[in-house]
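Engineer: Okay, handing you the structure first.
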Amino acid sequence: MSAVMNPPKRTLQRCCSIVSSWGRQKDLSKLHGLSAEQVSNFCGQCHRTWEEIALQGNLSIENIRFQPYRLTGSKCYDADDARIGCLACHDPHHEVSNKSVDYDAKCLSCHGGGKPGAKACAVSKDKCVTCHMPKLELPGAHHKFSDHRIRIVKPNEKYPG
């Protein structure tokens, strides 16, 4: 069994340099007015877009590193709803939280009655991501990635490429 290394603290400050390279201000707050799909395409500049991965045909666990691609495979993904976009859970100016409870309010903004048709979890309203976005180890990477394909995970299920 391989040891899982503690990854360095990550911030999304690189995004500022991308925005700056576009000749725009280093003001990421303007991204909050975009749809989930537009934000995924922005974040996909580093994390790969759905289109890039789909064209590669990489349906193995190797694609777990490409969060925008994984997110679009979620049943609840709605390209026009910013509540399911990258910025709904991640602030580019702050470190990514490793605490599962930090994401509960974001999940419950839809699954707590805020979106018609979004069912509430019958099991729990706490630590949603531990069940619905499991951490999976990428073979050879010695690191677990949160799978951004949000779903009801079943024991021993095949990796959903």
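Engineer: Enumerate the residues in the stretch 53-86 having an amide nitrogen under 16 Å from the point lying 7 Å beyond the Cα of Lys154 toward its Cβ.
Structural biologist: Answer for the stretch 53-86: 75.
Engineer: Between Gln56 and His142, what is the label-point separation in nm under the 7 Å Cα-to-beta-carbon projection?
Structural biologist: Going from the His142 label point to the Gln56 one covers 2.2 nm.
Engineer: Here's a follow-up. Could you give the length gained on full extension between Ser35 and His93, defined as 0.36 nm per residue of separation minus the Cα-Cα distance, in nm?
Structural biologist: Details: separation 58, 0.36 × 58 = 20.88 nm, distance 1.93 nm.
That pair, Ser35 and His93, stretches by 18.9 nm at full extension.
Engineer: Students often get this wrong, so check it: of Lys30/Lys127; Lys30/Lys115; Lys75/Lys135; Lys106/Lys144; Lys119/Lys158, which have C-alpha atoms separated by over 26 Å? It would help to have the intermediate numbers written out before the result.
Structural biologist: Working: Lys30/Lys127 30 Å; Lys30/Lys115 24 Å; Lys75/Lys135 18 Å; Lys106/Lys144 22 Å; Lys119/Lys158 24 Å.
The pairs that break the limit, which is 26 Å between Cα atoms, are Lys30/Lys127.
Engineer: Explain nothing, just the number: relative contact order of the stretch 14-146, from Cα pairs under 8 Å at least 6 residues apart, as a whole percent. Mind dumping the intermediate values first?
Structural biologist: On the way: 137 pairs, mean separation 24.3, N = 133.
Averaging sequence separation for qualifying contacts and normalising by length gives 18 percent for the stretch 14-146.
Taken together, the values in this text are just the output of simple stated rules run on the coordinates, not laboratory data. Only a predicted model underlies this, so the values are computations on that prediction, with no experimental measurement involved. FYI the Cβ positions are ideal-geometry reconstructions off the backbone, even for glycines, and counts take in every protein chain you see.
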